[in-house]
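Beneath this line is the structure, given in structure tokens, with notes to follow.
The values are calculated or read from the model by the stated rules, or taken from the named source; none is laboratory data. Note that the coordinates shown come from a computational prediction; the quantities given were computed from them, not determined experimentally. Glycine gets a Cβ as well: all are built from the backbone with ideal geometry, and neighbour counts include every protein chain shown. The accessibility values were calculated without ligands, DNA or RNA, using every heavy atom of the protein model including side chains. Shrake-Rupley method; radii C 1.70, N 1.55, O 1.52, S 1.80 Å.
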Amino acid sequence: MSVLRQNKTWEISESENDSDAEKVIDLAPDEKLDDSNRGACEVDCKDASETSSQTSRLSAPPPSGTRTPSPAKKRRSKEEIEADRERAKQRREDREKQREAKAKQKEERRQEIQRRKQAAETLKSLKPENCLKCLTVCIDPVLLQHEGADILLDTLCELDWRYRVDGQQIPHSITWTRELLQQVEAGQGLVEEEHVLQVLTLTDLLDVLISVKKMLDNEEDELEGGVLLRPLLECLNRDAKKEVTLLVMDSQAEFWSKAFVGYGLGETLQSIGVKYMDMEELNKNISLVFLDGWQGVANHVCAVTKALSKRPFKLLTDQVELPFCVDGSWASGVRVEKDGSGLKQVWSRQIQQLNRVSPAVAAAVTEAYPSPQLLLQAYQSLELEVMRKGLLAPLTVKTEDKERRVGPDISSRVYRCFTAQNPQLVLD
């Protein structure tokens, strides 16, 4: 049995104005679409519809005339622009000033810290134990030719002090140099102390005194003085602050010292007319000391060295307005300000100097009489001696545990302390 099938005919318009979605399906008039053909046709129609929708979305935007106009920006005037520039410039200047102020404060803090650090280091270096390490004893090599001079060197070595054997301007002399740590870099690290020791024998002293006598009698010019005297006077003329001590070594030092200070050096000196005042008339900065051999010289050198080590710190403390009221509990003092604050504490400390007067008793007295003048006025207002002695007895002394009275004993001793005329009076 033969089956006759009819071909499906698709005709698509070839017109350029038609879109791809417009498709024409030409079927036979008597043909009916089955289910599969109908589904395929519906899919093709849906694809065509979607393609048309996408084409419409991707179409060109509307003409520019149809857009919403944006609001026009307001043009600023020259005055407003210039004002904005000035404000910006002012803000920059203010920030620059703030940076400069901060930098200045930072530098001031750094300098203050550095200043305090240097002051602390200077104060530490001026203490005697540290200053002693900066001193150097300078010894004339001529002195080492004397028998017994090794005693001086051995003593300095035992104390671990620095010394140097070097030629001196004044023969037979001993000088000191101080090392200034703060000025080493400036080339001024060493300074010479003003004190000078000249070690002489009794024979050397007689030669010096004879030269002094001739100069005072105008028999000899100062430049033509003795070998020992001329360098000494030249040194004193160059530096008026120099202080020279003549150390005379002799086995009878005590005898010569008494004779020289009293009336002269016995018959020998009386014969040439030399007396103690002659040296003072020659120069006020010359003193004379008699010692018993090189051991005495070594002891004297040690004493002068210790005194020189204490001098810088002493000069520093003397610059304080009230050196007896320095800061620190170690001094047991009270600082008194210019407005008078602290005087009451000084008054209390003064009363506590008496035996068996506690701080509580002193506080009771100063509370009733805030100054010594008020206490003296109270004594003068009483007629009887017995009443004056017992003036402070009824005052109440307050302590943590209990209260008590000052008592007649302490009251009497305080009265005698402030009213007695006899400096030898024993208060207790």
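If you take the residues in the stretch 414-426 that are over 46 Å from the mean Cα position of the chain (by Cα) and closer than 18 Å to Val357 by Cβ, which one is surrounded by the fewest Cβ atoms within 10 Å (Cβ to Cβ)?
Ranking the candidates gives Val426 first.
Look at Glu254 and say whether it is surrounded by fewer than 18 Cβ atoms within 10 Å (Cβ to Cβ), at pLDDT below 85 and in a helix (DSSP H, G or I).
yes
Would you call Lys117 in a helix (DSSP H, G or I), out of contact with any helix residue (DSSP H, G or I) (no Cβ under 8 Å at 6 or more places or on another chain), open to solvent by 70 Å² or more (accessible area, probe 1.4 Å) and closer than 21 Å to Glu194 by Cβ?
In short, no.
Within the group Arg75, Arg87, Arg95, which residue is open to solvent by 90 Å² or more (accessible area, probe 1.4 Å), more than 30 Å from Lys314 (Cα to Cα) and modelled with pLDDT under 90?
Arg75
Having 3 or more residues that are modelled with pLDDT under 90 and either closer than 22 Å to Trp294 by Cα or open to solvent by less than 20 Å² (accessible area, probe 1.4 Å) (or both) is the bar; report the strands (runs of 3 or more DSSP E) wholly within the stretch 120-206 that clear it.
Here the list is empty.
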